[in-house]
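Novice: Structure below; questions to follow.
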Amino acid sequence: MPKTKTTEYTSTAKWLHWGMALVWMTSWTLGILATHWRDELNPHHELTFLHKALASTLLLMVVVRVAWRLKNRPPALPDSMTVAMKRGAMVGHVLLYAIALIALPVSGWYWSSVADKPILVAGLFFLPPLVDPDPDLYDLAKYIHTWTSWFCGALVGGHLLIALKHQLIDKDNILAGMLPKVRR
Ligand code: HEM
Ligand code: HEM
């Protein structure tokens, strides 16, 4: 029997997407509040601690997510999209995985290692340092994490706007394929 084209992500993929999206967006907001409202909101580094404890869980979740993704194909994109748009979507997703979900948390891990500061993952256990402490590399590590975080803010903002465009303007089923199934 011919296989029908799937239009939905698996429920595991949906849980991983929305769980990690929530952790990612909260971590990003905490990072901004911790640094730019330091005196008002972060006088004793409470928000920095929360930022690191939460964001570092992405390092573990992304391993599960990538393993799942390699074994399960995503739904086919609608025929209404041109080849160029489909390629653009693929590149965008690869960038989200490679930079927002892998390189950004690794750059935070690198910065804390260089600075000889601990990372308590989810408040439960310490992450081993990625490299030896080195005060000479502190500014470079800070620069990399800060600018990667702003680049990723723009990347995720673009991802959100494109999802809304598909839903509101193109009126295709792309967003529906990532939303929970509603039982009728
Ligand atoms: C192991 C993971 C991570 C560690 C250890 C880490 C560590 C840090 C540290 C120490 C700061 C400076 C906070 C302060 O000065 O009080 C910071 C800032 C920041 N982090 Fe992270 N981070 C991690 C992952 C992430 C992730 C996944 C995101 C995005 C979701 C992110 C976004 C930011 C942002 C937006 C800032 C503020 C940048 C600015 O100064 O404008 N970080 N991070
Ligand atoms: C409210 C915010 C968000 C919305 C509405 C949203 C929506 C979507 C939708 C509709 C898809 C399916 C796209 C398709 O089939 O072409 C998708 C895929 C994806 N999203 Fe999001 N997303 C959000 C936040 C995020 C965040 C914060 C991240 C990570 C930083 C992220 C990473 C991804 C990735 C990597 C995929 C590709 C999944 C795959 O095919 O393996 N998303 N998103």
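Novice: Does any residue in region 33-45 that is closer than 17 Å to ILE119 by Cα come within less than 6 Å, Cβ to Cβ, of a residue that is β-branched (Val, Ile, Thr) and surrounded by 15 or more Cβ atoms within 10 Å (Cβ to Cβ) six or more places away or on a different chain, and which pairs are these?
Specialist: ALA34/THR48
Novice: Out of region 93-121, which residues are away from ligand 1 (no atom under 11 Å from the Cβ) and either without any contact (Cβ under 8 Å) to a residue 40 or more places away in the chain or open to solvent by 50 Å² or more (accessible area, probe 1.4 Å) (or both)?
Specialist: Correct list: HIS93, VAL94, LEU95, TYR97, ALA98, ASP116.
Novice: Return a yes/no flag: does region 136-144 have any residue that is free of Cβ contacts under 8 Å to residues at least 12 places away in the same chain and touching a strand residue (DSSP E or B) at 6+ places or on another chain (Cβ under 7 Å).
Specialist: Scanning region 136-144, I find no residue that is free of Cβ contacts under 8 Å to residues at least 12 places away in the same chain and touching a strand residue (DSSP E or B) at 6+ places or on another chain (Cβ under 7 Å), so the answer is no.
Novice: Considering only region 123-141, I want to know if a residue exists there that is among the aromatic types (Phe, Trp, Tyr), closer than 24 Å to THR12 by Cβ, open to solvent by less than 90 Å² (accessible area, probe 1.4 Å) and modelled with pLDDT of 95 or more. Give the derivation first.
Specialist: Taking region 123-141 as the starting set, the residues that turn out to be among the aromatic types (Phe, Trp, Tyr) are 125-126, 138.
Now narrow it down to the ones that are closer than 24 Å to THR12 by Cβ: none.
There is no residue in region 123-141 that is among the aromatic types (Phe, Trp, Tyr), closer than 24 Å to THR12 by Cβ, open to solvent by less than 90 Å² (accessible area, probe 1.4 Å) and modelled with pLDDT of 95 or more.
Novice: I've got another one for you. Restricting the search to region 57-116, which residues are more than 13 Å from ligand 2 (Cβ to nearest atom), more than 25 Å from SER11 (Cα to Cα) and not in a loop (DSSP other than H, G, I, E, B)?
Specialist: Once the filter is applied, which keeps residues that are more than 13 Å from ligand 2 (Cβ to nearest atom), more than 25 Å from SER11 (Cα to Cα) and not in a loop (DSSP other than H, G, I, E, B), region 57-116 yields VAL83, ALA84, VAL106, SER107, GLY108, TRP109, TYR110, TRP111, SER112, SER113, VAL114.
The values are calculated or read from the model by the stated rules, or taken from the named source; none is laboratory data. Being a predicted model, the structure only gives us computed values, none of them experimental. We place every Cβ from the backbone using ideal geometry, glycine too, and count neighbours over all the protein chains shown. Ligands, DNA and RNA are stripped out before the accessible areas are found, and what is left, the full protein with its side chains, is counted by its heavy atoms. Shrake-Rupley method; radii C 1.70, N 1.55, O 1.52, S 1.80 Å.
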